[in-house]
Amino acid sequence: MTPVRTPEPSTHTQAPAYATVHDILTASTLKESLLAVLTPDQRARLAVDTRAVAERGTPALDVRFPAAGRTYGRGPLPGWAHWAVEDAARTVLLQQLPLREADLAAEVIARYWGGDAAERRGVLLALPFLALGPAALALTDDAVRTNDNRLIAAALGPYARAHLDQYRWRQAVLKCLFTGIPLRRVAGLDQRRDPELARMARDFAKERQAAGREVPADLWLVATEEAPQEAPQEAGEN
């Protein structure tokens, strides 16, 4: 009798369909961080805006989402590495949409395609806070194909860590090496790095050296098969 082959365990567990990546506590912390940097008038405006989006849906978001930078500010969000205040505001607004599952995914995807670079970045950073499952992976794929380092880095956060398949994830990490994005910006790097990525990184280094070009200083994070020492991360990077 032919023995039954036991499937090899997966090295990466994907989140369930139409589930958020971040938990309620993380979402609450983000909103609290946003409120802490807003003026009293801006906090009152946010309450009005979120209520309007919750009640009226997409039509209320059409003006408020693009205007988030002008309304709430574009400065850095304390405690959230590489986040701006406008990014947090856009996330909070998207969370209020009275849509579920495929309808929510369709609206988020449309919001990305219809937005400028700042709005697209806001959508990418919001993805792990929304119950989308893998339905928005087309957005991470698009962002990684661009030459905009801010979009590439935003696309490789917790959402990509949870949903991007290993082949595309490796290619995205290589894109970071090509474009000079620090590898510590890639969420889940220590957990998802594997021997195949190490081989690809070493080949990349050899090609750079042969061409007389500089090899990224952080390539060692993925070029060896031993787990590197993990550096502490700020909120929003995990």
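The values are calculated or read from the model by the stated rules, or taken from the named source; none is laboratory data. It should be emphasised that the depicted structure is a prediction, and the values quoted were computed from it without experimental measurement. Glycine gets a Cβ as well: all are built from the backbone with ideal geometry, and neighbour counts include every protein chain shown. These area figures cover heavy atoms from the full protein model, side chains too; ligands, DNA and RNA do not enter into them. Shrake-Rupley method; radii C 1.70, N 1.55, O 1.52, S 1.80 Å.
Brief remarks follow.
- Sorting the segments 51-58, 88-95 by their residues' average number of neighbouring beta-carbon atoms within 10 angstrom, most packed first, yields 88-95, 51-58.
- Residue-by-residue Karplus 3J(HN,Hα) for the stretch 62-75, coefficients 6.51, -1.76, 1.60, Hz, glycine and proline x: 4, 8, 6, 5, x, 8, 4, x, 5, 7, 10, x, 10, x
- Phi to ³J(HN,Hα) by Karplus 6.51 cos²θ - 1.76 cosθ + 1.60 over the stretch 145-158, Hz, x for Gly, Pro: 6, 6, 9, 9, 4, 5, 6, 4, 5, 5, 6, 9, x, x
- Distance-filtered residues of the stretch 157-194 - backbone nitrogen under 11 Å, label point 7 angstrom along Gln209 Cα→Cβ: none
- Percent accessible area from carbon and sulfur atoms, the chain, protein chains only, probe 1.4 Å: 54 percent
- Which of Ala143, Ala117, Tyr18, positive extreme of dipole for the chain (C-beta unit charges): Ala117
- Whether the chain is rounded, prolate or oblate, judged on the alpha carbon gyration tensor where a/c under 1.5 counts as rounded: prolate
- Unit charges at the beta carbon, dipole of the chain: most positive-side option, Gly157, Ala102, Leu177: Leu177
- Sites Arg202 and Ala117 - FRET efficiency at Förster radius 41 Å, r taken between beta-carbons, to 0.05: 0.75
- Taking Cα centre as origin and charging only the Cβ of basic (Lys, Arg, +1) and acidic (Asp, Glu, -1) residues, the dipole magnitude of the stretch 157-231 rounds to 280 debye.
- Dividing the mean sequence gap of close Cα pairs (under 8 Å, 6+ apart) by how many residues the chain holds gives a relative contact order of 20 percent.
- For the chain: accessible area per residue (Å², 1.4 Å): 51 Å²
- Between the beta carbons of Ala47 and Asp141, assuming R0 = 41 Å, the FRET efficiency works out to 0.70 to the nearest 0.05.
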